[in-house]
1. Which of the residues spanning the range 185-198 are of a type outside the set (A, V, I, L, M, F, W, C) and farther than 12 Å from Arg271 by Cα?
2. Scan the range 412-444 for residues that are hydroxyl-bearing (Ser, Thr, Tyr), in contact with a strand residue (DSSP E or B) (Cβ under 9 Å, 6 or more places away or on another chain) and closer than 16 Å to Asp358 by Cβ and report the count.
3. Is at least one residue of the range 369-384 assigned to a helix (DSSP H, G or I), under 28 Å from Asp230 (Cβ atoms), touching a helix residue (DSSP H, G or I) at 6+ places or on another chain (Cβ under 9 Å) and not small (Gly, Ala, Ser)?
4. Can you find a residue in the range 214-221 that is within 30 Å of Thr425 (Cα to Cα), in the same structural domain as Gln325 (by the TED database) and among the aliphatic types (A, V, I, L, M)?
5. Select from the range 374-429 the residues that are more than 24 Å from Lys254 (Cβ to Cβ) and among the aromatic types (Phe, Trp, Tyr) and write down the one among them that is most open to solvent (accessible area, probe 1.4 Å).
6. Would you be able to say whether some residue in the range 405-428 is closer than 20 Å to Phe301 by Cα, without any contact (Cβ under 8 Å) to a residue 24 or more places away in the chain and either charged (D, E, K, R) or not in a loop (DSSP other than H, G, I, E, B) (or both)?
7. Report yes if some residue within the range 160-169 is of a type in the set (D, E, K, R), outside any loop (DSSP other than H, G, I, E, B) and either under 19 Å from the mean Cα position of the chain (by Cα) or over 25 Å from Arg74 (Cα atoms) (or both); otherwise report no.
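The values are calculated or read from the model by the stated rules, or taken from the named source; none is laboratory data. Since we're looking at a predicted model, the values are computed, not measured. Please note: Cβ atoms are built from the backbone with ideal geometry, for glycine as well, and neighbour counts cover all protein chains shown. When the accessible area is computed, the model is the full protein with side chains, heavy atoms only, and any ligands, DNA or RNA have been set aside. Shrake-Rupley method; radii C 1.70, N 1.55, O 1.52, S 1.80 Å.
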Amino acid sequence: MKKILCDFRFLLFLAAAAFIYIQMRLFATQSQYADRLADAIESEDQCTSQLRTLIDQISLQQGQIVSLEEEKQRLEQECGQLKVLVQELERKGLGRLIDKEQVPVAAVVIMACNRADYLERTVKSVLKYQSSVASKFPLFVSQDGSHPAVKEKALSYDQLTYMQHLDYEPVHTERPGELIAYYKIARHYKWALDGLFYKHNFSRVIILEDDMEIAPDFFDYFESTAALLDKDKSIMAVSSWNDNGQKQFVHDPKVLYRSDFFPGLGWMLARSTWDELSPKWPKAYWDDWLRLKENHKDRQFIRPEVCRTYNFGEHGSSLGQFFKQYLEPIKLNDVLVDWKSMDLNYLMEDKYIKHFADIVKKAKPIRGTDLVLKARNIGGDVRIQYNDQPDFERIARQFGIFEEWKDGVPRTAYKGIVVFRYQITQRIFLVGPGSLVQLGVSDS
């Protein structure tokens, strides 16, 4: 019995040992599987991360592919338009516009956008007087954008060369509420002038807008003043416009003035000046930018007493601003002036200040109240002193001329003096506080 019990205990011991051994093996195996599972999970996480990165890269590349496709379509569109233009130029023959034996006085460019009816009226007015001098004044239309009616209208004329500015860059205004049109206009002007001066290699360019008519002597006027622009570097540009050119304020179509205020609205620029302006051309409001002293650098502008352009554009980017009061009543010259027989050297800087001083000196000074009445009762020219901008605006308002100033300069002013006609032939000189000293005229 004892032997059997002993054998049984020994068997239990062996069974227990076997059980413990099996458990240890199971535990070791489970630990290995747990480690492998952890490694598998880690590998899965890495695969997932790499897959997400790959998906992001594919999405980015798809976006780039879309952008490239859009760019390709844009370039194809531009290439198609360029081919049309090349064919048009070949058909018209640019050589017919610019006589090889005739050096052009200036290219004439009409800046257009989306007003086909306005453009037609302007082109007809220009061609009426340009046809006989086409070799001296080759005509261009530069369109900003792709308005189909404008392009079709421009291409319908064999007498001109069509240019198209396609600008796909978004416009970001500098101040809230600004019209993006002024930014697009500035871009268009730079593109067109760069092309005419640097691609077509003109020495001068006359800039018109698509809402202007011209006077019969428009081209003779600019041909005669081109020499001034070349000789006198104190002249920044020649304009065909007088801001105070309303019918009641002008009389003599032969009279020209120097002005410290850029008139615009039909003006001629030399390449040497554009070389300076092009690299720093503004994002918007290019005309007011030219009126800043830091840009015109005390250079002046030639302007006529009687306008050689008429602006009929009541509807446009300026939304008809001032049109009824200041633009509609403008007198467009209708007299054929023989500019070629006239000596314009009096407009040179060294001669003009004495010429103008002599005219101002002869004007009778008037002061006090009722200035309009006093001027009406005097037969000859008069001069009226103003003290500052508010005082000038008060006097200008009484007569009905432009009150506006830019960067300390009244519209049309020379040395702070604004001159206009009154009662047909009488000249009124509004004289600034330091103007007579600048002219060397005593205040008596």
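1. So in the range 185-198, the residues of a type outside the set (A, V, I, L, M, F, W, C) come out as 187-190, 194-195, 198.
Correct list: Arg187, His188, Tyr189, Lys190.
2. Applying the first criterion (hydroxyl-bearing (Ser, Thr, Tyr)) to the range 412-444 yields 412, 414, 422, 425, 435, 442, 444.
With the extra rule that they be in contact with a strand residue (DSSP E or B) (Cβ under 9 Å, 6 or more places away or on another chain), the set shrinks to 412, 414, 422, 435, 444.
With closer than 16 Å to Asp358 by Cβ added as a condition, the list becomes 414, 435, 444.
Number of matching residues: 3.
3. Quick first cut of the range 369-384, residues assigned to a helix (DSSP H, G or I) only: 371-376.
From what's left, under 28 Å from Asp230 (Cβ atoms): none.
No - not one qualifying residue is present in the range 369-384.
4. Our first condition is that a residue be within 30 Å of Thr425 (Cα to Cα); within the range 214-221, this holds for 214-221.
Cutting the leftovers down to in the same structural domain as Gln325 (by the TED database) gives us 214-221.
Within this subset, residues satisfying the condition of being among the aliphatic types (A, V, I, L, M) are 214-215.
Within the range 214-221, one or more residues are within 30 Å of Thr425 (Cα to Cα), in the same structural domain as Gln325 (by the TED database) and among the aliphatic types (A, V, I, L, M).
5. Looking at the filtered set, the residue picked out is Trp405.
6. Looking for residues that are closer than 20 Å to Phe301 by Cα, without any contact (Cβ under 8 Å) to a residue 24 or more places away in the chain and either charged (D, E, K, R) or not in a loop (DSSP other than H, G, I, E, B) (or both), one finds at least one in the range 405-428, hence yes.
7. In the first step, residues of the range 160-169 are kept if they are of a type in the set (D, E, K, R); the result is 167, 169.
Filter again for outside any loop (DSSP other than H, G, I, E, B), leaving none.
Scanning the range 160-169 turns up no residue that is of a type in the set (D, E, K, R), outside any loop (DSSP other than H, G, I, E, B) and either under 19 Å from the mean Cα position of the chain (by Cα) or over 25 Å from Arg74 (Cα atoms) (or both).
Conditions (1) assigned to a strand (DSSP E or B); (2) among the basic types (Lys, Arg); (3) at pLDDT below 75, marked per residue:
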site	(1), (2), (3)
Leu5	no, no, yes
Phe8	no, no, yes
Ile20	no, no, no
Gln64	no, no, no
Lys83	no, yes, yes
